[in-house]
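The values are calculated or read from the model by the stated rules, or taken from the named source; none is laboratory data. What you see is a predicted model, and the numbers here were worked out from it, not measured in a lab. No Cβ is skipped: glycine too gets one built from the backbone with ideal geometry, and neighbour counts run over all protein chains shown. To get the accessible areas, we keep the full protein, side chains included, count just its heavy atoms, and leave off ligands, DNA and RNA. Shrake-Rupley method; radii C 1.70, N 1.55, O 1.52, S 1.80 Å.
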Amino acid sequence: MVRRLGVMTGGGDCPGLNAVLRAVVKTAMVKYGYEVIGFRDGYRGLVLNDYVHFKSGDVSGILDKGGTILGSSNRDNPFKFRVENNGKVNYVDMSDKAMENVNAHGIDCMIIIGGDGTLTSARDFSRKGMNVIGVPKTIDNDLSATDTTFGFMTAVDTATEAIDKLHSTAESHHRVMILEVMGRYAGWIALTAGIAGGADVILIPEIEYDIKKVADSILQRKVEGKHFSIVVVAEGAKEIKGELTVSKVDESSPDPIRLGGVGNKVAAEIEKLTGIETRVTVLGHLQRGGRPNPYDRVLSTRYGVKAVELANEGKFGLMVSLRGNEVTAEPLEDAVGTLKQVPPDGEMVCIAKSVGVGFGD
Ligand code: F6P
């Protein structure tokens with residue numbers, strides 16, 4: 001019998017987190033009469049017992065708000081928790097402390113909203129005996145056990161709008177405009193927004209590029225009388241036999257590599273090879289902020305409701321997931337650790353190529 005749920009949002013934020021929280025709290029409190037405890041700032045709150053006891057009014061008016069009212073963190077791994085003592089840093093397993101806190105609150109099930117890192121810890125808590133249900137979040141859309149993560153489509157909207165705006169200025173000045181987008185080791189944002197925005201070249205991690213071929217396709221456009229080009233570059237794109245472009249190594253983070261900067265590299269090379277003036281826009285965290293679009297509001301709501309339904313049925317150790325048009329669930333054991341990348345010969349790449357997009361391959 002479930003009476004009390006816990007909920008937290010972990011990892012990098014994305015649009016739709018509040019919509020999931022709203023769906024969880026409303027369904028749990030109104031439909032089933034459960035109590036809901038929210039832990040602040042991801043696993044940090046679970047370890048330090050920093051929590052809020054939700055009242056139903058707490059989630060009113062947040063459906064369309066970006067960010068997360070609970071806060072989040074992409075630096076706190078409860079199994080390797082950073083502890084600083086007199087300036088000395090140690091990494092300590094605090095998972096028992098987190099379990100203790102959950103038990104002390106009498107929580108029957110934790111709903112953990114996060115990407116691969118957060119859900120890997122959720123899987124590990126499940127192995128330790130905690131009742132857990134995961135909800136897949138990330139703008140990168142790189143989780144293998146769901147067709148779509150919430151937050152992704154809003155990031156695609158933001159990137160598409162940026163491409164639309166770059167088009168007009170590129171055309172006026174006869175320039176090459178580069179847009180660098182996020183996505184980590186997957187090219188979903190670049191590919192989807194690139195197709196939606198009519199990009200001429202899309203560079204993604206899954207297809208290593210030859211810069212000469214990229215330059216050739218831009219020069220070919222010039223021959224055809226098109227004096228501007230739009231190039232969308234995923235932050236994880238790299239040249240054939242090349243290296244990833246890393247902007248920062250953050251040793252205090254469980255996932256220390258921060259990608260960034262490949263757009264500048266590509267721009268310098270294109271300008272050199274084509275002689276066409278080239279400018280770069282790095283979209284950055286704009287892709288993570290702001291209001292979720294209607295698609296993400298609906299998907300987040302479906303995920304939040306499904307998570308509570310599963311808890312009510314006593315089905316734990318699962319992650320809610322979208323397969324086709326159906327919201328279903330997959331074991332957390334199978335849901336983490338496998339990166340979902342763009343298939344280089346898949347339908348999306350093929351249709352882009354059919355309409356003339358170059359991938360530098
Ligand atoms: O995973 C989401 C994401 O926005 C990636 O696309 C990006 O590489 C990374 O997080 C940025 O992390 P941070 O917010 O720590 O800079």
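For the structure I just gave you, tell me whether Val308 is closer than 25 Å to Lys137 by Cβ and touching a Ser or Thr at 6+ places or on another chain (Cβ under 6 Å).
yes
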Check your understanding: Taking into account only those residues within the stretch 77-97 that are among the β-branched types (Val, Ile, Thr) and in contact with a Lys or Arg (Cβ under 9 Å, 6 or more places away or on another chain), which is modelled with the highest pLDDT?
Key -> Val92
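Which ones in the stretch 117-133 are within 16 Å of the ligand (Cβ to nearest atom), of a type outside the set (S, T, N, Q) and either crowded, with 24+ Cβ neighbours inside 10 Å or in a strand (DSSP E or B) (or both)?
Leu119
Being open to solvent by less than 30 Å² (accessible area, probe 1.4 Å) and among the β-branched types (Val, Ile, Thr) narrows it down to one residue among Thr274, Thr281, Thr301; which is it?
Exactly one residue qualifies, and that residue is Thr274.
Residue by residue, here is whether (1) open to solvent by less than 20 Å² (accessible area, probe 1.4 Å); (2) of a type in the set (Phe, Trp, Tyr); (3) more than 16 Å from the ligand (Cβ to nearest atom) holds:
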site	(1), (2), (3)
Ile204	yes, no, no
Lys213	no, no, yes
Ser217	no, no, yes
Lys222	no, no, yes
Ala234	yes, no, no
Ala237	yes, no, no
Val249	no, no, no
Asp255	no, no, no
Arg258	no, no, no
Practice item. Give the residues of the stretch 170-192 that are within 16 Å of the ligand (Cβ to nearest atom), open to solvent by less than 10 Å² (accessible area, probe 1.4 Å) and either in a helix (DSSP H, G or I) or of a type in the set (Val, Ile, Thr) (or both), sorted by residue number. Key: Val181, Ile189, Ala190, Leu191
Review point. Looking at (1) open to solvent by 50 Å² or more (accessible area, probe 1.4 Å); (2) at pLDDT 95 or above, which is the only condition Phe54 fails?
Key: (1)
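From Gly12, Gly42, Gly61, Gly67, grab the single residue that is open to solvent by less than 60 Å² (accessible area, probe 1.4 Å) and either out of contact with any Gly (no Cβ under 9 Å at 6 or more places or on another chain) or among the aromatic types (Phe, Trp, Tyr) (or both).
Among Gly12, Gly42, Gly61, Gly67, only Gly61 is open to solvent by less than 60 Å² (accessible area, probe 1.4 Å) and either out of contact with any Gly (no Cβ under 9 Å at 6 or more places or on another chain) or among the aromatic types (Phe, Trp, Tyr) (or both).
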Review point. Within the stretch 139-159, can you find the residues that are open to solvent by less than 20 Å² (accessible area, probe 1.4 Å) and in a helix (DSSP H, G or I)?
Key: Phe152, Thr154, Ala155, Val156, Ala159
Revision key, fill the gap. When the stretch 237-285 is checked residue by residue, the ones that are touching a residue at least 24 places away in the same chain (Cβ under 8 Å), outside any helix (DSSP H, G or I) and among the β-branched types (Val, Ile, Thr) are Ile240, Ile276, Thr278, Val280, Thr281, Val282
Review point. Based on what the data block shows, is Ala196 assigned by TED's automatic domain parsing to the domain that holds Val232, within 30 Å of Phe228 (Cβ to Cβ) and within 16 Å of the ligand (Cβ to nearest atom)?
Key: no
Check your understanding: Of the numbered conditions (1) of a type in the set (Val, Ile, Thr); (2) open to solvent by 10 Å² or more (accessible area, probe 1.4 Å); (3) not in a helix (DSSP H, G or I), Ile112 satisfies every one except a single condition; which is it?
Key -> (2)
